[in-house]
Amino acid sequence: MISVIIPVYNEQNAILDTVQSLLNTLTHPVFENCFEIIVVNDGSTDDTSKRLKTIDSPNVKIINKRLNQGYGSAIKTGMRFTNYDNIAITDADQTYPNDMLPELFQFYIAEELDMAIGARKVDHGSFFILRSLVKSFLRKFASYITSYPIPDLNSGFRIFKKEIAFKYYSMYPDGFSFTTTITMAMISDTYRVDYYPIEYYKREGNSKIRPVRDSFNFIFLITKMCLYYRPLMVFFPIVVISGGTFLVSVSLDIVQDQNIHDRTILVGMISGIILSLGLLADLIAKKH
């Protein structure tokens, strides 16, 4: 019925409570007693490994990785060990309402979705103002590219079909961009994706997010996904700006000097080249 993956890195204070809360939640009748919890210990250096050894449940599978390779890497590892057709992911730090998993699953089934995403009502964390501004920009950027309203781009509380998720396996990055990638890929390929409002709590322990570096990584990833699926969404605004600059320059040259200068010709050529590259990229994307 459902496999729940928990990526873990240095969460000694929260991991046991998280696993226990999921064990209690997954006994809900909607899961028909067909569930498993896959804990992927991503090279933790604290007492997480020791505490995981105390878990004694046939429904919990623990995978220990020697090196810390990132959030996305942990989820990809967990995906390879899943036995059920539906995969859920959540965090180990108790920020997501695991008790809402049956509710999210019922929404997922009732709406016949390929992916149901928990949309956070509020966001807690360090660098709150910076995070809010960056996330707002990223959501609008991603919504523009996919032509789909995205209220929460990188929520780590979601359920998706295993078969579809594996189609994009080679695209998933090892870092925090896993959720952004699968969201944009499935929406761009017109799979049935919808959001369900959830609570979001303050985390246990310290955040692993690096605000500046990870924000740039997200922007780069979204741009890359756009070039992969809808390249004209990136090229067209550039062509409009360069083309507008060319027209203005031509007008000024004719009015002021009755002659077209070399810089104007150069701007026109650049505009034409960018348009040609955009059209070529769009043809390649559609063929792919």
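Miscellaneous remarks
- Residue within region 67-90 that is among the charged types (D, E, K, R) and more than 23 Å from Ala165 (Cβ to Cβ) present: no
- Inter-residue pairs, beta-carbon under 8 Å, first without any contact (Cβ under 8 Å) to a residue 24 or more places away in the chain and in region 257-278, second assigned to a helix (DSSP H, G or I) and surrounded by fewer than 18 Cβ atoms within 10 Å (Cβ to Cβ), 6+ apart: Asn259/Asp253; Ile260/Val250; Ile260/Asp253; Ile260/Ile254; His261/Asp253; Thr264/Val250; Thr264/Asp253; Gly268/Val250
- Test: residue in region 106-116 that is assigned by TED's automatic domain parsing to the domain that holds Thr223, touching a Pro at 6+ places or on another chain (Cβ under 6 Å) and of a type outside the set (A, V, I, L, M, F, W, C): no
- Residues in region 45-69 that are of a type in the set (Asp, Glu) and farther than 14 Å from Ile15 by Cβ: Asp56 only.
- Verdict on Val39 being assigned by TED's automatic domain parsing to the domain that holds Phe166 and surrounded by fewer than 20 Cβ atoms within 10 Å (Cβ to Cβ): no
- Restricting Thr54, Thr25, Thr90 to residues that are buried (at least 17 other Cβ atoms within 10 Å of the Cβ), hydroxyl-bearing (Ser, Thr, Tyr) and either over 21 Å from Ser177 (Cα atoms) or not assigned by TED's automatic domain parsing to the domain that holds Met171 (or both) narrows the list to Thr25.
- Lone qualifier among Tyr71, Tyr96 - being under 21 Å from Gly175 (Cβ atoms), in contact with a Ser or Thr (Cβ under 8 Å, 6 or more places away or on another chain), among the hydroxyl-bearing types (Ser, Thr, Tyr) and crowded, with 16+ Cβ neighbours inside 10 Å: Tyr96
- One residue stands out among those in region 238-252 that are of a type in the set (Ser, Thr, Tyr) and surrounded by 12 or more Cβ atoms within 10 Å (Cβ to Cβ): the one that is farthest from Leu279 (Cα to Cα), which is Ser249.
The values are calculated or read from the model by the stated rules, or taken from the named source; none is laboratory data. Keep in mind it's a predicted model, so treat the numbers as computed, not measured. As a convention, Cβ positions derive from the backbone with ideal geometry for all residues, glycine included, and neighbour counts pool all protein chains shown.
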